[in-house]
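What follows is one structure encoded as structure tokens, with my remarks underneath.
Please treat every number below as a calculation from the coordinates, not as lab data. Bear in mind that the values here come from a model prediction, so they are computed numbers and not experimental data. Methodologically, a virtual Cβ is constructed for each residue, glycine included, from the backbone with ideal geometry; neighbour enumeration extends over all protein chains shown.
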Amino acid sequence: MAGLFISFEGIDGVGKSTQADALEEFVRERGREVVRSLEPGGTELGQEIRHLLLHRKGDVAPRSEALLYAADRAHHVATKIRPALEAGKVVIVDRYLDSSVAYQGAGRELETKEVRDLSLWATNGLLPDVTVLLDLDPAVARDRRDQTGTEPDRLEREKIEFFSAVRKCYLELAANEPERFLVIDATLSKDEIQKLIRARVSESLS
């Protein structure tokens, strides 16, 4: 049985983790083994990199930031994602390569192609079979994050203009790869969103 690789993307506050949880339950009910992960931080090494990227005091130079994300992704794919796929499992990841293109490329104003090429090299060309992009206005997403009461990390403290650039890039990526992306309006109810995701994933599971 072939493995299946699913990633969730979108700016902070769109509900990726909630929908990934629901999808994991659905896939398990279908009798498939699931490996759930996230980026950065999906491995022990990745957790150390995640701390450097999101919780270290002080700025991180944009190119250094992009390289750290790529290093995390390279190890994540080599030690966790690819072995799971080769074993026929379903891998569900909260953020992957497209996050780097949108956040470090468009958000940090690096060349998006260079950031994408870096991650493709780091992962030996591995792309998800399905990428769920939850789309939401940055101001609404920020209100949602504020309501959680959790302390924002270094990226979450960026200005609305940063997230607007990230969102725009995400939508451009989806338009360029419609066969991989499923773009969903994140203002829909949780149940409506999950119904759309399950319909798309069911096609790949059958």
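Summary table below
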item	result
DSSP loop GluC sites (Glu not before Pro) with at most 14 other Cβ within 10 Å: longest gap in the chain	34-108
Cβ-placed point charges (K, R +1; D, E -1), dipole of region 4-205 about Cα centre in debye, nearest 20	280
Along each principal axis, Cα extent of the chain, largest first, Å	46, 36, 33
Exceeding the 27 Å Cα-Cα cut-off - candidates LYS80/LYS159; LYS113/LYS190; LYS57/LYS159; LYS80/LYS168; LYS80/LYS190	LYS80/LYS159; LYS113/LYS190; LYS80/LYS168; LYS80/LYS190
Other-chain or far-sequence residues with amide H under 5 Å of LEU38's (modelled H)	ASP94
Rounded D (µm²/s) - region 47-143, Kirkwood Rh over Cα pairs, Stokes-Einstein at 4 °C, 1.567 mPa s	89
Average Cα contact separation per residue, the chain, under 8 Å, 6 or more apart, as relative contact order %	32
Residue-averaged 222 nm ellipticity for the chain, from DSSP H runs of 4+ at -39500 (n - 2.57), nearest 500	-15500 deg cm²/dmol
Low-density loop cleavage sites - trypsin sites (Lys or Arg not before Pro) in region 52-113, where at most 15 other Cβ are within 10 Å (DSSP)	ARG56, LYS57
